[in-house]
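S.K.: Structure in structure tokens, see below.
The values are calculated or read from the model by the stated rules, or taken from the named source; none is laboratory data. Everything numeric in this text was worked out from a predicted model, so none of it was measured. Virtual Cβ from ideal backbone geometry, glycine too; neighbours counted across all protein chains shown.
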Amino acid sequence: MGNAICDLSNPNLAIKHNYGSAPNNLGILVDAPDLPVSQAPIQGKVKARRRRVDDGKVHFVQNLAKNPETGVFLYRFSHRGRISCGSTGCYRLSEARNYLNALRGKLSLEGVGVKQAKVITFRQVFDAWMTERAPQRTEKYVKTIRGLVTNHALPILGGLQLTQVDSTAISTVLNRYLSTHARAGTNTLALHIGALLSFAVEKAWIEKRPKIPMVPVQKVSRPVVSKDGLDQFLEAIDAQGNLQVSFLVRAQILMGMRNHEARLMKWSGLRLDQRVFIPDKTKNGDAPVMPIPDVMLPWFDKMGKEIGTFGLICPGETGEPRAHDFTRRYIRKAAKAVGLPETLTDHRLRASFANILNRKGVPLPTIQKLMRHSKVETTMIYIETREDEMRAAINLMGDSNRS
């Protein structure tokens, strides 16, 4: 019986037989004329290629299928005579495959008596955080963590199990981000990844959080309003003739409020008899009591007479809160008038609050409570130490020797 010889590189060539016969389906030798490859008889059946069907239904290919409504990949496979199905929680095919492989491995080990923890991916942790913790955070914070994590962390870490998210994997994310972004932003991304992993620890999905590398950043002196220049700066603000701007700037530099906290102040939180203000919600999701300094009391009275004592203290034209950059151009103009850098921002007004208290000898733990920081290390970031102050401090050693 002859063997068929075919040059597959040229589909127009005919199949040539060493002998002029070939077996039919019954095993009987019959004559086989020379035919092109496309018409040549093929032994057995050829499986037709599966076509994509767009009928709105879920079709599983290699045990995975994308939900047409949510975009999440679902899994369905047979294991030990039972059908296992569910959601991977992944939006990318590669992540879904990693999840499916991990789940199969887990089931295989459990089949021989080896128990493993529930398979949780980094993307599922992010989704759980967005559902449970995001409503407790400010809109700006949630927008920042969603943008950084979705664009830079999930493409690399999303499909990994939490046990696979180690310092090496996190460094890969940070190095890729650092290649196109600033160092400070890289550390912000690292802090957000750490927050998600800390959330996973609280949920008992992992035992401890892996060490997250931080990128060293050279600290530079940033502009603040000094205690000697405070009155002059406020006069430059008032000279621009906007009552709400004068109030908001004072709320930040005299009470240490954040930008959004000042803009969202409501009359319902004011307790003038106790000289305190209670916000609806702060950055950390709590509502601490903020003491009101005596110098701010007349300004609450001015705002009440000018606008009324219902709703927001500083409402916009339509009654909505003012935009986050409402005071920006006023602060820059005042800074230029008093000789400060025009890079002075509303966030630096809050830092000025911390520095002025520090210069007046207020203990650091007290400043921490007024700034509403959970850690004193965070408060230290706001404190600026200048060269003349360090020189004056080191000269105290000579004074002690002479005494």
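S.K.: Test Gln124 against the criterion of being of a type in the set (S, T, N, Q), under 25 Å from Arg209 (Cβ atoms) and buried (at least 17 other Cβ atoms within 10 Å of the Cβ), and give yes or no. Let's see the steps before the verdict.
M.R.: Working: of a type in the set (S, T, N, Q): yes; under 25 Å from Arg209 (Cβ atoms): yes; buried (at least 17 other Cβ atoms within 10 Å of the Cβ): yes.
Yes; evaluated as a whole, the condition is true for this residue.
S.K.: Can you report the number of residues in segment 334-379 which are touching a residue at least 40 places away in the same chain (Cβ under 8 Å), closer than 14 Å to Ile253 by Cβ and among the polar types (S, T, N, Q)?
M.R.: Number satisfying all stated conditions: 2.
S.K.: Right, next: Does Val225 satisfy the criteria of being surrounded by 20 or more Cβ atoms within 10 Å (Cβ to Cβ) and not in a helix (DSSP H, G or I)?
M.R.: Working: surrounded by 20 or more Cβ atoms within 10 Å (Cβ to Cβ): yes; not in a helix (DSSP H, G or I): yes.
Yes.
S.K.: Now, a different point. So which residues in segment 330-346 are over 27 Å from Thr309 (Cα atoms) and not small (Gly, Ala, Ser), if there are any at all?
M.R.: Filtering segment 330-346 down to residues over 27 Å from Thr309 (Cα atoms) leaves 332-345.
Scanning segment 330-346 gives Arg332, Lys333, Lys336, Val338, Leu340, Pro341, Glu342, Thr343, Leu344, Thr345.
S.K.: If you don't mind, there's one more thing I want to ask. Regarding Arg250, is this residue within 24 Å of Leu191 (Cβ to Cβ) and assigned by TED's automatic domain parsing to the domain that holds Leu340? It would help to see each step written out before you state the result.
M.R.: Details: within 24 Å of Leu191 (Cβ to Cβ): no; assigned by TED's automatic domain parsing to the domain that holds Leu340: yes.
Judged against the criteria, Arg250 is not a match.
S.K.: Restricting to segment 185-221, count the residues that are over 30 Å from Leu344 (Cβ atoms), basic (Lys, Arg) and without any contact (Cβ under 8 Å) to a residue 40 or more places away in the chain.
M.R.: Summing the residues that are over 30 Å from Leu344 (Cβ atoms), basic (Lys, Arg) and without any contact (Cβ under 8 Å) to a residue 40 or more places away in the chain in segment 185-221 gives 2.
S.K.: Do the conditions hold for His181, that is, is it outside any helix (DSSP H, G or I), within 27 Å of Asn259 (Cα to Cα) and out of contact with any strand residue (DSSP E or B) (no Cβ under 7 Å at 6 or more places or on another chain)? Talk me through it step by step, then tell me what you get.
M.R.: Details: outside any helix (DSSP H, G or I): yes; within 27 Å of Asn259 (Cα to Cα): yes; out of contact with any strand residue (DSSP E or B) (no Cβ under 7 Å at 6 or more places or on another chain): yes.
Spelling it out, His181 is indeed outside any helix (DSSP H, G or I), within 27 Å of Asn259 (Cα to Cα) and out of contact with any strand residue (DSSP E or B) (no Cβ under 7 Å at 6 or more places or on another chain).
S.K.: Only one of Gln244, Gln232, Gln274 is over 18 Å from Tyr382 (Cα atoms) and not in a helix (DSSP H, G or I); which?
M.R.: Numbers: Gln244 fails: not in a helix (DSSP H, G or I); Gln232 fails: not in a helix (DSSP H, G or I).
Checking each option against the conditions leaves just Gln274.
S.K.: Name every residue in segment 61-103 that is surrounded by 16 or more Cβ atoms within 10 Å (Cβ to Cβ) and over 20 Å from Thr150 (Cα atoms), in order of residue number.
M.R.: Asn63, Leu64, Ala65, Leu74, Tyr75, Phe77, Leu100, Ala102, Leu103
S.K.: May I ask you to say which residue of Pro288, Pro321 is over 23 Å from Ile367 (Cβ atoms) and not assigned by TED's automatic domain parsing to the domain that holds Arg137?
M.R.: Working: Pro288 fails: over 23 Å from Ile367 (Cβ atoms).
Step by step, each of Pro288, Pro321 is checked, and only Pro321 is over 23 Å from Ile367 (Cβ atoms) and not assigned by TED's automatic domain parsing to the domain that holds Arg137.
Results for (1) farther than 20 Å from Gly158 by Cβ; (2) modelled with pLDDT of 85 or more; (3) in the same structural domain as Ala102 (by TED's automatic domain parsing); (4) in contact with a strand residue (DSSP E or B) (Cβ under 6 Å, 6 or more places away or on another chain), shown as yes or no for each residue.
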{"site": "Gly44", "(1), (2), (3), (4)": "yes, no, no, no"}
{"site": "Lys47", "(1), (2), (3), (4)": "yes, no, no, no"}
{"site": "Arg50", "(1), (2), (3), (4)": "yes, no, no, no"}
{"site": "Asp54", "(1), (2), (3), (4)": "yes, no, no, no"}
{"site": "Lys57", "(1), (2), (3), (4)": "yes, no, no, no"}
{"site": "Pro68", "(1), (2), (3), (4)": "yes, no, yes, no"}
{"site": "Phe73", "(1), (2), (3), (4)": "no, yes, yes, yes"}
{"site": "Arg76", "(1), (2), (3), (4)": "yes, yes, yes, yes"}
{"site": "His79", "(1), (2), (3), (4)": "yes, no, yes, no"}
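S.K.: Is there any pair linking a residue in segment 126-142 that is touching a residue at least 60 places away in the same chain (Cβ under 8 Å) and over 17 Å from Leu189 (Cβ atoms) to one that is among the basic types (Lys, Arg) and part of a loop (DSSP other than H, G, I, E, B), with Cβ under 7 Å and at least six apart or on different chains, and which?
M.R.: Thr138/Lys283
S.K.: Tell me whether segment 257-276 contains one or more residues that are surrounded by fewer than 17 Cβ atoms within 10 Å (Cβ to Cβ) and in contact with a helix residue (DSSP H, G or I) (Cβ under 6 Å, 6 or more places away or on another chain).
M.R.: no
S.K.: Now a separate question. Taking into account only those residues within segment 375-394 that are farther than 18 Å from His347 by Cβ and surrounded by 10 or more Cβ atoms within 10 Å (Cβ to Cβ), which is modelled with the highest pLDDT?
M.R.: It comes out as Val376.
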